[in-house]
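This report concerns only the one structure given below.
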Amino acid sequence: MNTMKNKVALITGASSGIGKSTAEAFAAKGANVVVAARRKEELDSLVASIEANGGKASAIKTDVSNAKSVEQMVAHTIKEFGRLDYAVNNAGIEGKLSGITDLLEEDWDQVLDINLKGVFLCMKYQAKAMLNAGNGGAIVNIGSVNSFLGFPTGSAYVTSKHGLVGLTTSVSAELAPQGIRVNLLCPGITDTPMHQRLRGIVGDDLYDKGLLPTVHLQRVGRPEEMANAIVFLCSDASSYISGSTLTVDGGLTLTM
Ligand SMILES: NC(=O)c1ccc[n+]([C@@H]2O[C@H](COP(=O)([O-])OP(=O)(O)OC[C@H]3O[C@@H](n4cnc5c(N)ncnc54)[C@H](OP(=O)(O)O)[C@@H]3O)[C@@H](O)[C@H]2O)c1
C-alpha cells in the first residue's frame with residue numbers, strides 16, 4: 001500500500017535500532033526516505049537494501065548536536081527529494097550511567113546535547129523547510145518511558161527525555177496552527193543495540209526477573225512495533241493528534 005507515495009520522510013538515528021526500522025517502514029509505505037546518523041557505512045547499506053526493495057532513499061552523515069550539520073541534513077533532504085513531509089527525531093544515546101555525585105559534567109553535557117538540544121536543532125531547521133514549502137507536515141520526536149519515570153544512575157538520560165515533553169508540546173502549539181503536527185512517541189523496552197548495552201549493564205537477572213514481569217505483555221518490544229506507531233503519527237490516520245505523547249510500552253508505565 002503506497003499511501004505515502006511522493007512524500008518525503010527524514011529519520012535521524014537511522015543507522016540502527018528503532019530509526020532503521022522506521023526508515024524501512026516509511027519506504028514500505030512508498031515514501032522517499034532520508035536517513036541520518038554519524039556512521040555513514042551503516043546508512044549506506046540501509047539505503048542499498050531499501051533501493052533493492054524498490055524504494056528511494058538517501059544517506060547523510062549527521063551529528064544532531066551540531067547546528068551546521070543539522071542544517072546540512074535538512075538542505076540535503078530538499079536537494080535530493082525537493083520537499084520534507086515527515087521528520088522523525090530519533091537519534092539518542094543512553095550515555096554513561098552514573099550516580100549524581102560521580103556524574104561528570106562532560107557526560108551530562110553529551111547526553112543533553114544529543115538527546116535534547118539535538119531535537120531542538122532538528123525541529124528548528126525541519127520546521128523552516130516545512131513552513132517555506134507551505135504543505136504542512138508531521139514531526140515525531142522519540143522520548144521514552146523515561147519521559148515520565150526516573151531510575152537510579154539515569155539522571156542525565158531521564159532529564160533529556162523529560163525535557164522532550166515540554167519541547168514537543170510547546171512546538172506543537174506553535175506549528176499546529178500552520179498545519180504541522182508535532183508529537184512524542186515514548187517507547188518502552190525495545191530490542192535494539194541500546195537495549196542490549198543496557199541489559200549488559202543492569203544484568204540479565206534483574207532484566208528478566210525484575211523488569212520484564214512489570215510489562216503487561218510480558219516481553220520486550222520490537223523496533224518494527226515502534227516504527228508502526230511512528231508511521232501512524234505521521235499519517236493522515238492521526239490527523240487530529242498533535243502535542244500528544246503516545247506510549248508504546250506493552251503496559252510498563254501502568255504497573256505499580
Ligand atoms: N531501545 C529502547 O529500549 C528504548 C527505549 C526508550 C527510548 N528509546 C529511544 O529510542 C531512540 C532510538 O534508540 P535505539 O534503541 O534504536 O538505540 P540505538 O540502536 O543505539 O540507536 C541510536 C541511534 O542514534 C544515533 N545517534 C546517536 N548519537 C547521534 C548523534 N550525535 N547524531 C546523529 N545520530 C546519533 C545512532 O547512530 P550513530 O551512532 O551512527 O550516530 C543510532 O542510529 C533513542 O532516542 C532512545 O533513547 C529506546
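Readers should treat all values here as calculations from the given coordinates under stated rules, not as data from a laboratory. These numbers come from a predicted model, not from an experiment. Methodologically, a virtual Cβ is constructed for each residue, glycine included, from the backbone with ideal geometry; neighbour enumeration extends over all protein chains shown.
With a point put 7 Å past each Cα toward its Cβ, work out how far Leu131 is from Thr245 in nm, to one decimal.
Inter-label distance under the simple model: 2.6 nm.
Average the reciprocal distances over every distinct pair of alpha-carbons in the chain, invert the result, and give the Kirkwood radius in Å.
Hydrodynamic radius (Kirkwood, Cα only) of the chain equals 18.3 Å.
Starting from the Cα of Thr153, move 7 Å in the Cα-to-Cβ direction to define the label point; list residues of the range 100-133 whose amide nitrogen is under 14 Å from there.
Under cut-off, by backbone N: 100-104.
Viscosity 0.890 mPa s, temperature 25 °C: Stokes-Einstein D of the range 135-256 from its Kirkwood Cα radius, in µm² per second?
So the translational diffusion coefficient is about 161 µm²/s.
Taking loop as defined by DSSP and a crowding limit of 16 other beta carbons within 10 Å, which chymotrypsin sites (Phe, Trp or Tyr not before Pro) in the range 149-256 fit?
Tyr240
Give me log10 I(q)/I(0) at q = 0.14, 0.25, 0.26 Å⁻¹ for the range 189-256, Debye formula, one equal scatterer per alpha-carbon, no solvent.
-0.52, -1.12, -1.16
For a paramagnetic label modelled at 7 Å from the Cα of Gln178 toward its Cβ, which residues of the range 1-28 fall within the zone defined by backbone nitrogen distances under 19 Å?
8, 10
Report the gain in length on full extension from Asp236 to Glu71: 0.36 nm times residue separation, minus Cα-Cα distance, nm rounded to one decimal.
Additional length available on full extension: 56.7 nm.
What share of all Cα pairs of the range 76-218, in percent, falls into each consecutive 10 Å distance bin?
Cα pair-distance distribution for the range 76-218, in percent: 11, 36, 30, 17, 6, 0.
Quick check for you: which residues of the range 76-104 have the amide N under 18 Å from the point 7 Å beyond the Cα of Arg39 toward its beta carbon?
Hits in the range 76-104 for Arg39 at 18 Å: 90-96.
Using only alpha carbon pairs under 8 Å that are at least six residues apart, calculate the relative contact order of the chain and give it in whole percent.
19 percent
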